1. Quote to one decimal, in nm, the extra length available between ASN55 and TRP79 on full extension: 0.36 nm per residue of separation minus the C-alpha distance between them.
2. Could you pull out every residue, at least 5 positions away or on a different chain, whose amide H is within less than 5 Å of the one on ARG49? Hs are placed 1.01 Å off N in the peptide plane, and Pro or chain starts have none.
3. So who's got an amide H within less than 5 Å of the one on ASP82, skipping anything under 5 residues away but keeping other chains? H placed 1.01 Å off N, in plane.
4. Could you check the simple spin-label distance between ASP20 and SER94, using points 7 Å along Cα→Cβ, in nm with one decimal?
5. Rounded to whole Hz and in sequence order, give me ³J(HN,Hα) for region 55-68 from the Karplus expression 6.51 cos²θ - 1.76 cosθ + 1.60, θ = phi - 60°, writing x for Gly and Pro.
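Values quoted throughout were computed directly from the atomic coordinates according to the rules given, and no laboratory measurement underlies them. The structure presented is a predicted model; accordingly, all values stated were derived computationally and were not measured. In this analysis, Cβ positions are derived from the backbone assuming ideal geometry, glycine residues included, and neighbour counts consider all displayed protein chains.
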Amino acid sequence: MSEYDSVLLDRISRGWIHVDSDNLDVHYYHSTRKRFYRKVPNQHPISGRWRFMFNGRYTVYRNRLVYLYFKRTTIPHGWVVDHVDVDLTNDHPSNLRLMTAEESHKQGYVTQEEASLAGWLALLEYIHFVGEEPRRGSRLWDPYPFAYRNKDEANTR
């Protein structure tokens, strides 16, 4: 369990954090203004996962927050919230389950380091083969070409 999970569970149990079950919007209660505000997520630039900042220093991914809100239980240390359909942007409660980190990594998720390394190796192979760098903005310039789940997703970018 991360150190901030207990704080989130406490705020959820007090009703200060609410997750809409239809569109997964997160609302938090502002204690000074005495009203709820929609929490605006930002998207991770590589994985595309949605994340929220709390207290200006804690980053919580939406899948973890949705799991905590709907299951109302702590996440044990060494366990992660896994996506059943392997789509990292589908954070619906029915698509989330707990797994050990090792089991989750065996499913073949691409880590940021692997995607970055694979992208730079592909760029070096292209330069070695053609003899010059690709034009900026071309498909070959993308430094993270292998961070996508399938070929269709990579080709539409």
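1. Using 0.36 nm per residue and subtracting the Cα-Cα distance, I get 6.2 nm.
2. The list, which skips near neighbours in sequence, is HIS44.
3. Amide H to amide H, under 5 Å and 5 or more residues apart or across chains, ASP82 pairs with ARG97, LEU98, MET99.
4. Going from the ASP20 label point to the SER94 one covers 1.9 nm.
5. Rounded to whole hertz, the list is 6, x, 9, 9, 9, 10, 6, 4, 4, 5, 5, 5, 4, 4.
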